[in-house]
Amino acid sequence: MPRARYKQLVDQLAADIRDGRLTPGSRLPTHRQLAAREGLALVTASRVYAELEAMGLVSGETGRGTFVKEMALPPGQGVDLLASAADMVDLSFNYPSLPGQAEMLRSALRQLAQGGDLDALLRYQPLGGRPHEREIAARHLAERGLSVSGTEVLWVEGAQHGLMLTGLALLQPGEVVAVDCLSYPGFKLVAEALRLELLPIPAAGMGPDLDALAAACQRRRVRAVYTMPTMHNPLGWVMSLTRRRELVALARREGLLLIEDGAYAYLAGESPPPLAALAPEATVYVTGLSKSVAAGLRTGFVALPAALVPRLERALRACSWSTPGLTSALACAWLEDGTVARLEARKREDACERQALAAELLGPLKRRGHASSYFVWLPLGEDVRADQVAMDLLRLGVSVSTAEPYATGPAVPHAIRLALGSVALPQLRRALGLVREVIDARSY
């Protein structure tokens, strides 16, 4: 087929999709049908669909076919999208807040202003925090089951910052990092920025399939594993102690670096020890206070082997030069006086209440999650498309995430992720009812 004709077909189909002549959710002809209809070689028909998929206009789904995507959905749904309208109910992002937190901040700022160290906080701070701040962070991490000294902990500007610094300091462009086939979108952005290759590992019950990971290590030179063993986002699992030990044994055998994300671990309550406690010599543990305290308090911690600390400090110097003194001082005060512990306990209770509400209102819909997490994963039926469900809800004033931002490989399941922690309970009740109605309507 002449190149001009091939391009004309791509342009024609693209125009039909953008102009609405091919509606969202429409099933396109199979590759063979398109080839026969247009007089193309099969490989050329496949190339046409590949170009349309690269343009974000269609999605090819193994065993189902090629479908027109919902173009009205804002780009980056689940990663870049924030509810823009004042009346939008945002179930795409979690930024849980409890009544009275604003007054707590006012009180803490007044106490900070009256302290004698205020002038010092306006100067450059030591990398990773002042010694006493690092010790405070270490004591906080001890409550998560980690036994580290202050010299093995660095203050960073949130868990996302910690993940970026870890990748920048310890990984090289082109290196392979094993990840769950559904994983935190923020780490996908880190990998994209640092040019890391993500290798998706399928799930097996409450955790990654370790046989599949072991097989991948035989095929590829895997450098690291990014994992969320306690309160996985988006699936909500808490890995068993047995599986954690098996993962640690595999990491030691293959020489893998474990990057453990504990951002939501506080919600799990009693849980097995972190990987960083089982394999401290091979694990970088990253967490923060954005979820447990407030999204605007850009404070996080990275705990890592002492031998790796200088490399992370160097990356920290390159990215932010100095620890923000004011926010670290505020966070230290709340860590020391028990405010953080009280907020975490209250948010666990709040999350349990919201999960119970979701169970009540979503009824028989299949769902995955944890009894005390702030999110629910809803796998959709065989004939229900996630982009259409998300668009229907957006028209009703409810923003949700599809599986696309969480998928680390080419297979993107039709599923919806609901963030439960960002709206008041009456709004949440109404929004969950709409979710149920929309999915039920699309199921028939």
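Points to keep in mind about this one:
- Positive minus negative residues near P410 (Lys, Arg vs Asp, Glu; Cβ under 12 Å): -3
- Of T62, T166, T23, the residue with the largest accessible area leads and the full order is T62, T23, T166 (1.4 Å probe).
- Pair Q101, E437: separation of 7 Å Cα→Cβ label points (nm): 2.9
- Overall shape of the range 87-139 was characterised from the C-alpha gyration tensor. The equivalent ellipsoid obtained from it has semi-axes of 30, 18, 12 Å, in decreasing order.
- For the range 250-265, putting each phi into the Karplus relation 6.51 cos²θ - 1.76 cosθ + 1.60 with θ = phi - 60° gives couplings of 5, 4, 5, 5, 9, x, 8, 7, 9, 10, 9, 9, x, 4, 9, 4 Hz, in residue order, rounded to whole numbers and with x for Gly and Pro.
- In this simple spin-label approximation, D211 and K7 carry label points 7 Å from Cα along the Cα→Cβ vector, and these lie 5.0 nm apart.
- Helix content alone sets the calculated 222 nm mean residue ellipticity of the chain: runs of n ≥ 4 DSSP H residues at -39500 (n - 2.57) each, divided across all residues, give -13500 deg cm²/dmol.
- Using heavy atoms of the protein chains and a probe of 1.4 Å, the accessible area assigned to L189 is about 80 Å².
- Taken per residue, the accessible surface of the chain reaches 44 Å², heavy atoms only and a 1.4 Å probe.
- Cα centroid separation, the range 128-145 to the range 333-358: 20 Å.
- Sum of side-chain charges, A113 neighbourhood, beta-carbon under 15 Å (Lys, Arg +1; Asp, Glu -1): 0
- Where R429, R314, R348 fall by accessible area, highest first, once all protein chains stay in place (1.4 Å): R314, R429, R348
- Summarising the amide proton neighbourhood of D180: residues at separation of 5 or more, or on other chains, whose placed amide H is nearer than 5 Å comprise I201.
- These residues, R37, R346, go from largest to smallest accessible area, 1.4 Å probe, as R37, R346.
- Principal axis box of the chain, alpha-carbon based, largest edge first, Å: 78, 51, 43
- For the range 91-159, trypsin sites (Lys or Arg not before Pro) meeting the loop criterion (DSSP other than H, G, I, E, B) and having at most 16 other Cβ atoms within 10 Å: R123.
- Note on the chain: antiparallel DSSP beta bridges, both residues inside, total approximately 60 percent of the bridges counted.
- Cut-off 11 Å between beta-carbons: net charge of the residues surrounding P379, Lys and Arg +1, Asp and Glu -1: +3
- Contour excess over end-to-end distance, with Cα ends at A41 and Q427 and 0.36 nm allotted per residue: 133.6 nm
- In this label model, D19 and R123 are separated by 6.9 nm, measuring between points 7 Å along each Cα→Cβ vector.
- Carbon and sulfur %, accessible surface of the chain computed with the full protein complex present, 1.4 Å: 54
- ³J(HN,Hα), Karplus 6.51/-1.76/1.60, whole Hz, each residue of the range 368-373, x for Gly, Pro: 10, x, 10, 4, 10, 9
- Karplus 3J(HN,Hα) series, Hz, for the range 422-428 with 6.51 cos²θ - 1.76 cosθ + 1.60 (x for Gly, Pro): 10, 10, 5, 4, x, 5, 4
- 0 to 90° range, to nearest 10: angle between helix 386-395 axis and the chain longest Cα axis: 70
- Cα long-axis angle, helix 325-336 against the chain (0 to 90 degrees, to the nearest 10): 70
- Here V225 sits with roughly 10 square angstrom of accessible surface, probe radius 1.4 Å.
- GNM remark for the chain: springs join alpha carbons under 10 Å apart, and the peak mean-square fluctuation among S373, S26, S240 falls on S26.
- 0 to 90° range, to nearest 10: angle between helix 101-114 axis and the chain longest Cα axis: 40
- Contact order normalised by residue count of the range 123-234, Cα under 8 Å, 6+ apart, percent: 23
- Relative contact order computed over the range 332-444 (Cα-Cα under 8 Å; 6+ residues apart), in percent: 28
- For the range 153-224, trypsin sites (Lys or Arg not before Pro) meeting the loop criterion (DSSP other than H, G, I, E, B) and having at most 14 other Cβ atoms within 10 Å: R195, R220, R221.
- Loop-resident sites, the range 359-444, for GluC sites (Glu not before Pro), counting at most 13 other Cβ within 10 Å (DSSP): E382
- Between the alpha-carbon centres of the range 40-56 and the range 417-444 there is a gap of 36 Å.
The values are calculated or read from the model by the stated rules, or taken from the named source; none is laboratory data. As the structure is a prediction and not an experimental result, all values here were calculated from the model. Here Cβ is always computed from backbone atoms with ideal geometry, including for glycine, and neighbour counts include all displayed protein chains. For the accessible areas, the whole protein counts, side chains as well, though only heavy atoms, and no ligand, DNA or RNA atoms are used. Shrake-Rupley method; radii C 1.70, N 1.55, O 1.52, S 1.80 Å.
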